[in-house]
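**Q** Here's a structure for you.
The values are calculated or read from the model by the stated rules, or taken from the named source; none is laboratory data. Predicted model only: the values in this text are computed from it and were never measured. FYI the Cβ positions are ideal-geometry reconstructions off the backbone, even for glycines, and counts take in every protein chain you see.
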Amino acid sequence: MFTKRIIPCLDVLNGRVVKGTQFLNLRDAGDPVEVGALYGKEGADELVFLDITASSDSRNITLEMVKKVAETIFIPFTVGGGIRTVDDFKTILREGADKIAVNSAALMNPQLISEAAEKFGSQCVVVAIDAKKRADGSGWNVYKNGGRIDMNMDAVEWAIKANKLGAGEILLTSMDCDGTKEGYDLELTRAISEAVSIPVIASGGAGKMEHFYDALTTGKADAVLAASLFHYREMEIRDVKNYLNNKGISVRH
Amino acid sequence: MIAIIDYDAGNLRSVEKALLSIGEQAVITRDADVLRKADKVILPGVGAFGVAMEKLHQYGLVDVIKEVAVSGKPFLGICLGLQLMFDSSDESEGVEGLKILPGKIRLIPDSEGLKIPHMGWNSLNIRPGAKLFQGIEDPAYVYFVHSFYLDAENKADVAATTEYGTLIDASVEHENIFACQFHPEKSGDTGILILRNFAAL
């Protein structure tokens with residue numbers, strides 16, 4: 001039975017896991033390799049490491065982390081943050097990452113998606129989209145630079161374009177819901193999942209068990225991502241999986 | 001010593017790291033003599049069938065792989081490595097595979113609600129007695145990433161299957177020849193046990 005994936009996300013700042021709300025107010029939450037290994041033991045289906053500093057001086061710290069994760073944890077993991085070129089892909093994949101998430105760089109240079117897909121395969125190209133509802137409620141706009149800059153571009157259209165260019169997966173974060181614990185943006189998730197042929201990972205807003213269920217059913221997501229819930233032990237991955245399993249959602253357990 | 005064949009195909013390090021974690025010696029190589037001397041050989045791979053075959057030809061690896069496969073030494077293909085071991089693929093028409101075992105690589109058919117690629121964890125139906133799956137209990141979940149799948153000609157070679165819109169031959173076993181469509185090196189404890197079973201052959 002094919003299963004839906006539960007993916008913990010680790011936001012990494014200067015080699016430490018941090019978590020804030022709505023992209024602000026960061027708090028320290030541990031060593032990324034240790035936290036990742038713990039999640040692996042607890043049944044995480046994949047891991048996502050986002051380097052939220054993404055400056056050139058933190059690149060070596062990130063590479064060292066990727067190397068250690070690859071030596072320790074034998075489930076797929078994605079690395080994102082500050083990846084700008086095909087060479088960056090190569091460096092990080094070579095250290096053992098399975099997938100690379102690109103966000104701002106893909107917006108600035110969409111050819112990066114097709115070049116990376118051609119060179120390393122679509123399976124390792126994850127296009128991360130930060131989306132926020134437009135003031136008039138007519139849809140969602142894409143933001144770049146960690147949610148700081150409005151691209152004035154429709155999120156659904158961008159997802160379709162990324163799919164066509166060769167992305168293997170969409171990591172979709174709702175900026176409106178992120179950190180609120182009031183549930184994923186189901187409307188946004190569903191709109192994008194229905195518009196593309198590749199898997200969509202819903203992100204931003206998980207606070208209760210049923211939020212995961214809603215994203216995977218109403219939202220039509222293929223995978224769900226959460227960060228602070230798991231970091232602060234408000235919820236165990238296993239409990240989420242048991243809950244989903246009891247509700248008839250196929251999960252690895 | 002286990003040799004991992006290097007033809008510029010992606011996940012070499014992951015396979016190496018997984019083998020190192022279970023105390024095996026592994027070497028990544030495209031040297032024919034090293035492949036001949038190795039106790040076991042792994043053909044990994046991520047990417048497109050045609051490009052990969054072109055690389056194998058370019059590095060002069062086709063003949064030595066066939067030679068190693070008939071030598072009786074345990075041989076394991078992973079993901080694209082499995083696909084390359086068969087006759088041909090829908091992905092790259094006109095390109096001949098390694099033809100170590102008979103079978104075709106086909107495109108996963110479109111079906112309602114299923115995304116392509118088949119990306120994520122799926123459960124296996126394991127043939128009782130299959131050597132790679134000794135000690136693995138149901139339900140065994142492993143990690144897949146692929147758009148094309150194996151339809152083996154000799155179903156007696158099939159060691160495990162999975163379902164994704166269609167029946168997929170997920171693993172084969174024929175004498176000393178083994179292959180997995182999924183990634184054991186990324187399939188958590190189940191995958192590590194599969195690699196241990198291979199290493200113990």
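**Q** What's the number of the only condition in (1) buried (at least 17 other Cβ atoms within 10 Å of the Cβ); (2) farther than 18 Å from A:D11 by Cβ; (3) modelled with pLDDT under 95 that A:G81 fails to meet?
**A** Single failed check for A:G81: (2).
**Q** Still on this structure, I have one more. From the list A:I201, A:I170, A:I249, which residue is surrounded by fewer than 23 Cβ atoms within 10 Å (Cβ to Cβ) and within 14 Å of chain B (Cβ to nearest Cβ)?
**A** Details: A:I201 fails: surrounded by fewer than 23 Cβ atoms within 10 Å (Cβ to Cβ); A:I170 fails: surrounded by fewer than 23 Cβ atoms within 10 Å (Cβ to Cβ).
After ruling out the rest, the residue left standing is A:I249.
**Q** A:E34 fails exactly one of the following numbered conditions: (1) more than 23 Å from A:G121 (Cα to Cα); (2) part of a helix (DSSP H, G or I); (3) within 13 Å of chain B (Cβ to nearest Cβ). What is the number of that condition?
**A** Single failed check for A:E34: (3).
**Q** Moving to a separate point now. Here are some residues: B:G113, B:G120. Which one is within 13 Å of chain A (Cβ to nearest Cβ), closer than 19 Å to A:L216 by Cβ, loosely packed, with under 14 Cβ neighbours inside 10 Å and not β-branched (V, I, T)?
**A** Numbers: B:G120 fails: loosely packed, with under 14 Cβ neighbours inside 10 Å.
That would be B:G113, the only listed residue that is within 13 Å of chain A (Cβ to nearest Cβ), closer than 19 Å to A:L216 by Cβ, loosely packed, with under 14 Cβ neighbours inside 10 Å and not β-branched (V, I, T).
**Q** List every residue pair whose Cβ atoms lie under 6 Å apart, where the two residues are 6 or more positions apart in sequence or sit on different chains, the first residue falls within segment A:60-76 and is more than 13 Å from chain B (Cβ to nearest Cβ), and the second residue, located anywhere, is part of a helix (DSSP H, G or I).
**A** Close Cβ pairs (under 6 Å, with a partner that is part of a helix (DSSP H, G or I)) amount to A:M65/A:P32.
Quick grid of which residues meet (1) closer than 19 Å to A:A97 by Cα; (2) surrounded by 22 or more Cβ atoms within 10 Å (Cβ to Cβ):
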site: B:V15; (1), (2): yes, yes
site: B:G50; (1), (2): no, no
site: B:G60; (1), (2): no, no
site: B:D63; (1), (2): no, no
site: B:Q83; (1), (2): no, yes
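**Q** Could we say that B:L43 is within 14 Å of chain A (Cβ to nearest Cβ), crowded, with 17+ Cβ neighbours inside 10 Å and closer than 12 Å to B:G81 by Cα here?
**A** Numbers: within 14 Å of chain A (Cβ to nearest Cβ): no; crowded, with 17+ Cβ neighbours inside 10 Å: yes; closer than 12 Å to B:G81 by Cα: yes.
Taking the combined requirement at face value, the residue does not satisfy it.
**Q** If we keep just the residues of segment A:116-157 that are more than 14 Å from chain B (Cβ to nearest Cβ) and in a helix (DSSP H, G or I), which is surrounded by the fewest Cβ atoms within 10 Å (Cβ to Cβ)?
**A** A:E157
**Q** Restricting to segment A:141-181, what's the tally of residues that are more than 18 Å from the chain's Cα centre (by Cα) and either more than 19 Å from A:V196 (Cβ to Cβ) or in contact (Cβ under 8 Å) with a residue 24 or more places away in the chain (or both)?
**A** Residues that pass the stated criteria total 7.
**Q** With within 13 Å of chain A (Cβ to nearest Cβ), over 30 Å from B:G165 (Cβ atoms) and within 17 Å of the chain's Cα centre (by Cα) as the only criterion, which of B:I28, B:I65, B:I22 stands out?
**A** From the options B:I28, B:I65, B:I22, the qualifying one is B:I28.
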